[in-house]
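Note sheet for the following structure.
The values are calculated or read from the model by the stated rules, or taken from the named source; none is laboratory data. Just so it is clear, the structure is predicted and the values come from calculations on it, not from any experiment. Note that we place each Cβ from the backbone using ideal geometry, even for glycine, and neighbour counts take in every protein chain shown.
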Amino acid sequence: MVWTLRFRPALASGFHFSRGTHGGRPPYDAVLIFKVLILQSLYNLSDDQTEYQIKDRLSFMRFLGLDLWENVPDAAVRLPLWGEIRLTATRLMRSCW
């Protein structure tokens, strides 16, 4: 709840996701992606390692707010947007801490 209230406005203004009018899979939540980036930077994980660790560690899933049956952001799906998302997340992390 605190994550959503504090970070959602800044993340929404920085991330430019598709509106879904062209079909395809709906985008992952911006707060979820931000939390994945935090885990990735804290544990110095690559994209593939991050995906594996999220699936393997219950503590990571709990931090991300995911249940056991929910889909984890796939490394291959995330790669095209990672550059833009990382820049926005880095700016946001610096401004908040």
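Results, tabulated for the structure shown:
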read-out: Conditions (1) closer than 21 Å to LEU68 by Cβ; (2) over 14 Å from the mean Cα position of the chain (by Cα); (3) modelled with pLDDT under 85; number of the one not met by ARG19; value: (1)
read-out: Residue that is modelled with pLDDT under 70, loosely packed, with under 13 Cβ neighbours inside 10 Å and at negative phi, where the choices are PRO9, PRO80; value: PRO80
read-out: Counted residues, region 52-74 - those being of a type outside the set (Val, Ile, Thr), over 11 Å from the mean Cα position of the chain (by Cα) and in a helix (DSSP H, G or I); value: 10
read-out: Count of residues meeting criterion [within 25 Å of ARG6 (Cα to Cα), part of a helix (DSSP H, G or I) and not basic (Lys, Arg)] in region 26-50; value: 14
